[in-house]
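Heads up, the thing below is written out as structure tokens.
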Amino acid sequence: MTTTESVTPSGHVLRVAVIAGSRRPNRRARAVAEWVCAAAPEGAELSLLDLDEVALPTLAEPNSPAFGGYTLPHTRAWAELIEGFDAYVLVSPEYNHSTSAALKNSLDHLYREWNDKAVAFVGYGVDGGVRAVEHLRGITAELGLAGVGPAVALNVFDDFDEEGHLAPRERQESMRSRMFDSLLRWASALRPLRPAAEHRLTGQRPILHRPTGAGSADDAVRELLDSLQTGLDTGDADLYDSMFAQDVLWGSPYGRVLTGYAPLNAIHRSMMDTPVVATSRYEVVQTSAPSADLVLVHIRRLHLADAPPGGADFSEMAMYVLVRRDGQWWLAAGQNTPIRDKP
Ligand SMILES: Cc1cc2nc3c(=O)[nH]c(=O)nc-3n(C[C@H](O)[C@H](O)[C@H](O)COP(=O)(O)O)c2cc1C
């Protein structure tokens, strides 16, 4: 990724990704993207993202990207990269009257990361890439991107020399300026719609919970609740601890802490073997999903009947942290706090 930056008098910078949208060895996309980046409009930081360097495989996520919950490391890396921009310039060839498979695939991989941002188009081809750009307008609208009107259309005969090197006609530079003017105006206008941008603009605290991650967060919490409840009811410590990660951090109700599944499982086995715990019911109190692979949940454990002789009333409130790794949810940390008197 190559970055050039210029700052407005207010010091406010819009981050724009210029995406080079083809991968053939002798492609024109890279040279066109570099020409786009040479514009350096005031108030924008331009970064060239070359799809040949990103090298995304064909989309193979189990879930629709609209629901988040990306499972593959390359999807997450692409999401993290795209998330960081306010606007995009798609540099697209025309292949068979449409855009390239590489560019379409890179768009299809994500959803939320594109939402409520601005996009502009630089097409090139035998007829200026205009049919590719028209297709891209429909595709990007579906992704919640606002496509600006002014676009650049480079003709392979008129804007490249005989050796195929980029040599744009003079009017292409003014089209490039018009395109950037619209893109930056729209990117700026859309900022308040994006929680992170709103936070940067107003200094307000961000809302960390992401509604797009809520469905899989609920599934993860239900799985945890089931393993705790059934494990306790059947006296099965291994089931109780089945979602605990190898390096789980654990805080007991009375201030003791330990790290790791093995010592914790040994304690839970010995507790289950001796009737020190009263019958309990677990219930979810509140959940937050700050990212697709992270869930924070308060779970209350309510004492239901008298503890056995010599046993304890274990009513407590627990804060659990769940992390998804390779498609599976794990308990990364738990902190339990007594909500009745210590026996
Ligand atoms: C597979 C393929 C299909 C093409 N189809 C069209 C087309 O339908 N219309 C057009 O104007 N140019 C078409 N072209 C010409 C390309 O737009 C032109 O070669 C361009 O440089 C390709 O982009 P790239 O060099 O970044 O790969 C096609 C080229 C390729 C390789």
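Taken together, the values in this text are just the output of simple stated rules run on the coordinates, not laboratory data. Note that the structure is a prediction, hence the values are computed from the model and not measured. Neighbour counts run over all protein chains shown; Cβ positions are idealised from the backbone, glycine included.
In terms of its alpha-carbon gyration tensor, the chain comes out prolate; a/c meets the 1.5 threshold, and the first ratio a/b outweighs b/c.
Residues whose amide H lies under 5 Å from that of residue 330, counting only those 5 or more places away or on a different chain, are 323, 324, 325; hydrogens are built 1.01 Å from N in the peptide plane. Apply the a/c threshold of 1.5 to the C-alpha gyration tensor of region 59-112 and tell me whether it is rounded, prolate or oblate. In terms of gyration-tensor shape, oblate. Backbone amide hydrogens, once placed in the peptide plane, bring residue 88 within less than 5 Å of 17, 118, 119, 120, excluding anything fewer than 5 places away on its chain.
Model label points for residue 257 and residue 115, set 7 angstrom from Cα along the Cα-to-Cβ axis, are 3.5 nm apart. Counting charges near residue 327 (Lys, Arg +1; Asp, Glu -1) among other residues having Cβ under 14 Å from its Cβ returns a value of -2.
Taken one residue at a time, the phi angles of region 314-326 give Karplus couplings (6.51, -1.76, 1.60, θ = phi - 60°) of 9, 4, 7, 10, 10, 9, 10, 10, 10, 10, 8, 10, 6 Hz. Gly and Pro are set to x. Taking GluC sites (Glu not before Pro) as candidate sites, keep only those in a DSSP loop with at most 16 other Cβ atoms within 10 Å, then name the longest stretch of the chain containing none of them. That gives 164-343 as the longest site-free run.
Look at the dipole of region 2-202 built from charges on Cβ: of 44, 22, 72, the Cα furthest out on the positive end belongs to 72. Amide hydrogen proximity for residue 314: with H placed 1.01 Å from N in the peptide plane, the residues at 5 or more positions away or on another chain lying under 5 Å are 278. To the nearest 500 deg cm²/dmol, what mean residue ellipticity at 222 nm is calculated for the chain from DSSP H runs of n ≥ 4 alone, each contributing -39,500 (n - 2.57), summed and divided by the residues? Computed mean residue ellipticity for the chain: -10000 deg cm²/dmol.
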